[in-house]
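What follows draws every value from the coordinates through simple rules; no lab data is involved. Nothing here was measured: the structure is a model prediction, and the numbers come from that model. Note: ideal-geometry Cβ built from the backbone for every residue, glycine included; neighbour counts use all protein chains shown.
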Amino acid sequence: MALAKLKQDTTETRLSAMQMPEGGHWSDAARADALSRVRMMGLPTRRDEYWKYTNPTTLTDANGPPAATFDMSDESQLFGDIDRLKIVFVDGVYDADASDPLAMEHVTIARLAEAGEKDIHWAKDMYGTLEIDGQSPVERPLAALNTAFASDGILIHVTGKAPKPVSMIYHHSSDTSDAILHHCIKLESGAELTVLENGPAAARFNKCMEIDVADGAAFHHVRAQGRDHERRAVTHMFTRLGANSTYKSFTLTANGVLTRNETIIDLRGDDAIAHVAGAAMGDGDFHHDDTVFITHDAVNCESRQVFKKVLRNGAVGVFQGKILVQPGAQKTDGYQISQSLLLDEDSQFLAKPELEIYADDVACSHGSTSGAIDEDALFYLRSRGVPEHQAQDLLVLAFLAEAIEEIEDEDIAADILSRLEGWLVRRR
Amino acid sequence: MLEIKNLHVKLEEEDKQILKGVDLTLEAGKVHAIMGPNGSGKSTLSYVLAGRDGYEVTDGSAKLGGEDILEMDPEERAAAGLFLAFQYPVEIPGVGNMTFLRTAVNAQRKARSEDELSAADFLKLIREKAKSLKIDADMLKRPVNVGFSGGEKKRNEILQMAMLEPKMCILDETDSGLDVDAMKLVAEGVNALRDEGRSFLVITHYQRLLDHIKPDVVHIMADGKIIKTGGPELALEVENNGYADILAEVA
Ligand SMILES: Nc1ncnc2c1ncn2[C@@H]1O[C@H](COP(=O)(O)OP(=O)(O)OP(=O)(O)O)[C@@H](O)[C@H]1O
Ligand SMILES: [Mg+2]
């Protein structure tokens with residue numbers, strides 16, 4: 001069937017403004033394939049069911065609205081005290097001077113833009129493949145667009161326990177930057193890696209990460225999307241999990257006029273574990289969308305989703321979370337909770353939790369709540385002399401605590417928490 | 001210390017008058033008790049003094065150390081030295097008891113332009129006070145009042161009072177839900193704080209607490225007013241005969 005006119009126009013207008021990286025790269029075929037898939041699917045419009053709560057227009061327009069950079073010099077560097085391998089991008093452009101040498105024990109790291117001629121077959125076999133798998137049953141055209149046009153990205157191959165986290169730092173310096181990055185991460189059997197990400201990245205950022213976690217391997221991910229008010233981002237994380245493997249991801253988001261974070265996880269091997277958590281805090285124009293799709297394809301796997309949002313001054317939070325349990329995926333343990341704390345009546349939380357289960361021996365639960373600050377608790381704190389704004393901050397932190405507790409590494413969790421406390425103080 | 005004059009209070013949301021002209025003067029260093037039938041307005045009086053939302057003062061005044069407190073925010077009243085031990089202490093999931101207390105102590109010190117207490121000094125102080133109230137370290141780490149038994153909640157209120165060292169302490173049925181030993185602990189906690197510069201307003205239904213915390217004056221409140229004021233013997237009279245005689249006498 002031909003695409004609706006609106007969709008076709010949207011797609012062609014966007015494509016006409018884009019340029020593929022120069023050819024001669026092993027990713028050429030995958031890019032060409034992705035481009036034809038974008039044309040077939042068409043880019044999302046607000047009429048799409050999957051984009052019912054989030055208007056994708058500014059993500060699909062030929063040029064996104066400009067976004068002023070935000071001075072965050074009042075903040076200490078996030079993850080600053082954590083021993084890590086830093087990889088820095090400015091408006092999506094790799095900054096060699098600011099980055100550490102791309103090497104560490106048990107890990108090979110290369111840049112997508114530079115890897116074209118090099119013989120790294122693992123990435124050639126992987127680039128775009130998890131993204132393709134993640135296109136059904138729900139289409140994600142902006143991820144295919146990313147595969148087709150990514151200007152750079154980091155390719156990480158892990159064969160053992162990585163001695164320290166890989167930390168991607170995304171600076172935003174131009175009001176009109178439009179960045180597309182695509183990372184591939186492959187963990188061999190028994191390997192372990194933590195990836196940290198932080199920073200606003202660009203005026204408009206489209207990021208895709210494909211993560212292949214082999215049997216018994218463990219992948220941890222902690223990300224902070226900063227206070228930069230006008231930035232827009234759409235991100236996809238596609239993950240395939242082998243037997244006995246672990247995936248744990250946490251995202252902290254504060255402000256940003258539009259954020260759509262999609263997480264697509266396929267529990268392919270038995271006894272695998274996937275935890276996804278998010279804490280978001282938004283003010284005013286903030287629109288934050290967590291879209292999660294977890295497929296249980298194997299026996300005795302556990303998945304857990306914990307999402308918390310604090311909204312005020314008309315901010316909007318969206319949660320679309322699905323657990324799909326395939327036939328034969330017995331002993332599945334699926335849990336999902338999404339909650340919002342609305343600090344005023346103008347703010348909105350839109351949640352669409354879904355369970356689809358085709359196996360009979362499973363335990364799945366989901367819950368979604370939306371509530372205001374507990375006035376009795378607020379008065380109790382104030383009656384002990386805690387000023388109102390500070391009492392409110394305590395209650396906000398208490399509300400977000402359950403999501404932050406999902407971070408396994410204590411130092412990283414402490415860093416995220418102090419960042420959050422700092423943001424609370426600064427936004428007054 | 002505390003001077004309440006002709007205090008009239010109605011509910012904000014509905015047309016219901018609860019306090020109908022309360023007069024009460026409490027000097028520094030004294031302990032006054034308020035007794036009275038259920039629903040007579042004792043807790044309402046304590047909430048209005050502490051600054052809870054939902055009430056409208058239609059007439060009268062309340063002064064603490066000569067300062068009108070009714071216009072102040074709850075935290076300002078606390079910093080001015082007012083403390084209410086709640087009849088029903090509130091559970092706050094996610095906020096650690098210790099964090100809460102340190103925040104409160106330091107917020108009050110800051111409001112009074114005093115130096116904040118260092119983490120080490122705070123810890124030393126709270127351990128000492130908690131020990132005398134038989135509150136164990138585990139309770140300090142847990143979220144505020146969450147999963148505390150009724151008696152533990154009341155002891156936690158007294159711990160807060162001991163840490164904050166307020167000038168004017170209002171205890172709303174702190175004895176209810178306490179076993180005999182806990183009641184003694186709480187009374188000892190209160191007595192340890194008795195001081196020339198500190199006053200107590202003790203709301204209770206039972207003479208027993210007043211055996212331990214000896215009041216100077218006992219007030220009887222009924223239908224939103226203080227209807228009788230006397231010495232400690234008034235509490236005994238209530239204990240023995242209930243309120244019928246007193247109510248009849250006034251009517
Ligand atoms: N928010 C409210 N909404 C409706 N009625 C209220 C409210 N607050 C207080 N009241 C009413 O006001 C009256 C006084 O209540 P209050 O709690 O002050 O009594 P009390 O003297 O403390 O009683 P008790 O001894 O049972 O604790 C009661 O009739 C109560 O139902
Ligand atoms: Mg009461």
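Averaged across B:101-108, how many Cβ atoms of other chains sit within 10 Å of each residue's Cβ atom?
Per-residue shielding by partner chains comes out at 4.
Using only C-alpha atoms and all pairs of different ones, pull out the Kirkwood radius for region A:9-57 in Å with one decimal.
Working: mean 1/r = 0.0810 Å⁻¹.
Radius from the Kirkwood sum: 12.3 Å.
Given a cut-off of under 8 Å on Cα pairs at least six residues apart, what relative contact order in percent is computed for chain A?
On the way: 1095 pairs, mean separation 46.4, N = 428.
Relative contact order here is 11 percent.
Calculated from DSSP H runs of 4 or more alone, at -39500 (n - 2.57) each and per residue, what is the 222 nm mean residue ellipticity of chain B, nearest 500?
Details: 10 runs with 100 residues, N = 251.
Result for chain B, helices only: -11500 deg cm²/dmol.
What is the spin-label model distance, in nm, from B:Asp68 to A:Gln348 if the labels are put 7 Å beyond Cα along the C-beta direction?
Spacing of the two 7 Å Cα→Cβ label points: 4.4 nm.
Counting only DSSP beta bridges with both residues in chain B, tell me the antiparallel percent, nearest 5. Let's see the in-between values first.
Numbers: 24 of 41 bridges.
Restricted to chain B, the bridges split so that about 60 percent are antiparallel.
Using the Cα centre of region A:310-414 as origin and beta-carbon charges of +1 (Lys, Arg) and -1 (Asp, Glu), tell me which of A:Leu395, A:Leu343, A:Val362 is placed farthest towards the positive end of the dipole.
Of the listed residues, the answer is A:Leu343.
Pulled fully out, how much extra length does the chain show between B:Lys5 and B:Asp121, if you take 0.36 nm times their separation in residues and subtract their Cα-Cα distance? Provide the component values of the computation, followed by the final result.
Working: separation 116, 0.36 × 116 = 41.76 nm, distance 4.06 nm.
Length gained, B:Lys5 through B:Asp121: 37.7 nm.
For every helix of n ≥ 4 consecutive DSSP H residues, a contribution of -39,500 (n - 2.57) applies; sum these over chain A, divide by its total residues, and give [θ] at 222 nm rounded to the nearest 500 deg cm²/dmol.
My calculation for chain A gives -6500 deg cm²/dmol from helical runs alone.
What is the mean number of Cβ atoms from other protein chains located within 10 Å of the Cβ atom of each residue in peptide B:73-79, rounded to a whole number? Each step should come with its number before you reach the end.
On the way: counts 3, 12, 10, 3, 3, 7, 2.
The mean count of partner-chain Cβ atoms within 10 Å per residue comes to 6.
What nm value, rounded to one decimal, do you get for the distance between B:Thr25 and A:Met18 when each label is placed 7 Å out toward the C-beta?
Those two pseudo-labels are separated by 8.2 nm.
Considering amide H positions built from the backbone, and no H for Pro or chain starts, which residues 5 or more places from B:Tyr55, or on another chain, come under 5 Å of its amide H?
Sorted by chain and number, the residues that satisfy this are B:Glu12.
Using +1 at the Cβ of each Lys and Arg and -1 at the Cβ of each Asp and Glu in region B:1-106, identify which of B:Ala33, B:Ile4, B:Tyr55 lies farthest towards the dipole's positive end.
B:Ala33
For the pairs A:Lys248/B:Lys129; A:Lys248/B:Lys131; B:Lys110/B:Lys141; A:Lys207/A:Lys352, note any where the Cα-Cα span goes beyond 30 Å. All intermediate terms of the calculation are to be shown ahead of the outcome.
Details: A:Lys248/B:Lys129 42 Å; A:Lys248/B:Lys131 41 Å; B:Lys110/B:Lys141 24 Å; A:Lys207/A:Lys352 24 Å.
Too far apart for the 30 Å limit: A:Lys248/B:Lys129; A:Lys248/B:Lys131.
With +1 on each Lys and Arg Cβ and -1 on each Asp and Glu Cβ, how big is the dipole of chain A about its Cα centre, in debye rounded to the nearest 20? Please list the in-between numbers first.
Numbers: 41 positive and 68 negative charges, 190 e Å.
That gives a dipole near 920 debye.
How much length is gained on full extension from A:Val425 to A:Asp376, taking 0.36 nm per residue of separation minus their Cα-Cα distance? Mind showing how you got there, number by number?
Working: separation 49, 0.36 × 49 = 17.64 nm, distance 2.25 nm.
Using 0.36 nm per residue and subtracting the Cα-Cα distance, I get 15.4 nm.
For a protection proxy built on the mean count of beta-carbon atoms within 10 angstrom, sort A:80-89, B:78-87 highest first, please. Walk me through the numbers on the way to the answer.
Values: A:80-89: 17.4, B:78-87: 23.2.
Highest-to-lowest ranking by the protection proxy: B:78-87, A:80-89.
Would you kindly derive the ³J(HN,Hα) couplings of region B:90-104 from the backbone phi angles with the Karplus curve 6.51 cos²θ - 1.76 cosθ + 1.60 (θ = phi - 60°), listing them in order in whole Hz, with x for Gly and Pro?
Here the 3J(HN,Hα) series is 8, 8, 10, x, x, 10, x, 3, 5, 4, 4, 5, 5, 4, 5 Hz.
Partner chain Cβ atoms within 10 Å, averaged over the residues of A:391-399 - can you pull that number for me?
On the way: counts 8, 0, 1, 8, 4, 1, 3, 9, 3.
Across A:391-399, the average partner-chain Cβ count within 10 Å equals 4.
Applying the Karplus parametrisation 6.51 cos²θ - 1.76 cosθ + 1.60 with θ = phi - 60° to the phi angles of region A:44-55, what ³J(HN,Hα) value in whole Hz is obtained for each residue in order, glycine and proline being reported as x?
Values, residue by residue: x, 10, 5, 7, 5, 4, 6, 10, 4, 9, 9, 7 Hz.
Mind checking which of A:Thr246, A:Ala217, A:Ala144 is farthest towards the positive end of the protein assembly as shown's charge dipole, using Cβ charges of +1 (Lys, Arg) and -1 (Asp, Glu) about the Cα centre?
Most positive-ward Cα: A:Ala144.
Given a Förster radius of 25 Å and the C-beta distance between A:Ile357 and A:Asp33 as r, what FRET efficiency does 1/(1 + (r/R0)^6) yield to the nearest 0.05?
0.15
Within region A:364-398, whose backbone N sits under 14 Å from a point 7 Å along Cα→Cβ of B:Ala111?
A:379-392
Can you give the % of DSSP beta bridges in region A:2-373 that are antiparallel, to the nearest 5?
Values: 9 of 138 bridges.
In region A:2-373, DSSP labels about 5 percent of beta bridges as antiparallel.
Share of antiparallel DSSP beta bridges in the protein assembly as shown, in percent to the nearest 5? Spell out each step's value before the answer.
On the way: 33 of 179 bridges.
In the protein assembly as shown, approximately 20 percent of DSSP beta bridges are antiparallel ones.
Karplus couplings for region B:226-236 from phi (6.51 cos²θ - 1.76 cosθ + 1.60, θ = phi - 60°), rounded to Hz, Gly and Pro as x?
For region B:226-236, the Karplus-derived couplings read 7, 9, 7, 10, x, x, x, 5, 5, 5, 5 Hz, x marking Gly and Pro.
With a 10 Å radius around each residue's Cβ, average the other Cβ atoms per peptide and rank B:118-129, A:34-45, highest first. List each step's numbers first, then the result.
Values: B:118-129: 13.2, A:34-45: 19.5.
Peptide ranking by packing, descending: A:34-45, B:118-129.
Please compute the net charge surrounding A:Ala201, taking Lys and Arg as +1 and Asp and Glu as -1 over other residues with Cβ under 14 Å from its Cβ. Mind showing how you got there, number by number?
On the way: positive: A:Arg204, A:Lys207, A:Arg223, A:Arg227, A:Arg231, A:Arg232, A:Arg260; negative: A:Asp91, A:Asp95, A:Asp152, A:Asp175, A:Asp178, A:Glu197, A:Asp228, A:Glu230.
My count for the surroundings of A:Ala201 gives -1.
With Cβ to Cβ distances under 13 Å as the rule, what net charge do the other residues near A:Tyr94 carry (K, R +1; D, E -1)? Can you show the working numbers first?
Values: positive: A:Lys86, A:Arg111; negative: A:Asp91, A:Asp95, A:Asp97, A:Asp100, A:Glu114, A:Asp152.
Counting the neighbours of A:Tyr94, the net charge comes to -4.
In terms of modelled amide H atoms, which long-range or inter-chain residues lie less than 5 Å from the amide H of A:Glu192?
Hits under the 5 Å cutoff: A:Gly160, A:Lys161, A:Ala162, A:Ala218.
Please identify the GluC sites (Glu not before Pro) of region B:25-89 that satisfy two criteria: DSSP loop assignment and at most 13 other Cβ atoms within 10 Å. Which are they? Mind showing how you got there, number by number?
Values: sites: B:Glu27, B:Glu56, B:Glu67, B:Glu71, B:Glu75, B:Glu76; in loops: B:Glu27, B:Glu71.
Answer in residue order: B:Glu27, B:Glu71.
Set the Förster radius R0 to 60 Å, insert the Cβ-Cβ distance between B:His212 and A:Ala103 as r into 1/(1 + (r/R0)^6), and round the FRET efficiency to 0.05. Mind dumping the intermediate values first?
On the way: r = 72 Å, r/R0 = 1.21.
That gives a FRET efficiency of 0.25.
What are the residues whose amide H is under 5 Å from the amide H of A:Asn244, where those residues sit 5 or more places off or on another chain and H is modelled from the backbone?
A:Gly216, A:Asp270, A:Asp271, A:Ala272
For region B:156-251, which GluC sites (Glu not before Pro) are in a loop by DSSP, counting at most 15 other Cβ atoms within 10 Å? Please report the intermediate quantities before stating the final value.
Values: sites: B:Glu157, B:Glu173, B:Glu188, B:Glu196, B:Glu233, B:Glu237, B:Glu239, B:Glu249; in loops: B:Glu173, B:Glu196.
Within region B:156-251, the qualifying GluC sites (Glu not before Pro) (loop, at most 15 other Cβ atoms within 10 Å) are B:Glu196.
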